[in-house]
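What follows is a single structure, written as structure tokens, with notes after it.
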Amino acid sequence: MKVAVVQTRPRLHRVEENLAAMDALLQEVDAELIILPELFASGYWFLDREETAGVAEPLGAGPVQDALERWAKSHDAAVCGGLAESEGDRVFNSAVIQGPRGRLAHYRKLHLFDGEKLCFDPGDLAPPVVPWRDAVLGLMICFDWRFCEVARGLTLRGCEILCHPSNLVMEICPAAMVTRALENGIHCCTADR
Ligand code: ACM
């Protein structure tokens, strides 16, 4: 499996501009699995729910998911990336894995970090595992790294490649992800903002 971890510096609220920048960057990418950061299209440093609600889109509709679908088709790849997701009056820090023929996985971040608790609802879905080509993918989002049970649970359910869209804040995370890989015997792919 050829994997691309694509790291960018999105500008807060500038969804259209950030998607265009990602579009340009992905022209250079040739991989079967492409992993983008947490909230890669909206930026990350929100202050309150009003802000996150302003950029959130419902599952299955919206500019961020349209772009993921377009890239999955153009690259014939699974493309994983984070987005603000709305459902009624709830807003989740979510991620999807989009395949060329449809969505493969969807997850809502369980462990919200610090001020994220002012901006998002905690996730209500188990971290997913899904087969893709000759591997099984797992999905968690950034601060989930701090809780070893998340990666362990995914591994016990078959995960071989852990997709980890992130906006890292704590410097220890990259080292901790090496530990997550070793203790579980899996590949960990962290895409940082
Ligand atoms: C984080 O979970 N983005 C620190």
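The values are calculated or read from the model by the stated rules, or taken from the named source; none is laboratory data. All values derive from a computational prediction rather than experimental measurement. Reconstructed Cβ throughout: ideal geometry from the backbone, glycine too, with neighbour counts over all protein chains shown. Just so you know, the surface numbers come from the protein's heavy atoms only, side chains and all, with ligands and any DNA or RNA stripped out. Shrake-Rupley method; radii C 1.70, N 1.55, O 1.52, S 1.80 Å.
Things worth noting here:
- Sparsely packed trypsin sites (Lys or Arg not before Pro) within the stretch 55-106, loop by DSSP, other Cβ within 10 Å at most 12: 101
- The convex hull around the C-alpha trace of the stretch 95-181, projected and averaged over every direction, spans 6.0 square nanometres.
- Bridgeable lysines around residue 2 (alpha carbons under 29 Å apart, same-chain partners fewer than 8 residues away excluded): 73, 109.
- Only alpha carbons enter this Debye calculation for the stretch 73-139, each as an equal point scatterer, and the log10 of I(q)/I(0) it gives at q = 0.12, 0.16 Å⁻¹ is -0.35, -0.58.
- Heavy-atom accessible area, probed at 1.4 angstrom with all protein chains present, ranks 147, 120 as 147, 120, highest first.
- Between the stretch 1-35 and the stretch 70-145, the Cα center-to-center distance that results, in Å: 16
- The three principal axes of the C-alpha atoms in the chain carry coordinate ranges of 40, 36, 29 Å, sorted with the longest axis first.
- About its Cα centre, the chain has a charge dipole of approximately 360 debye under the convention of +1 per Lys or Arg Cβ and -1 per Asp or Glu Cβ, with nothing else charged.
- By the Cβ distance rule of under 4.7 Å, the chain has these cysteines without a partner: 119, 142, 148, 159, 173, 188, 189.
- Within the stretch 28-145, percent of DSSP bridges classed antiparallel, to nearest 5: 75
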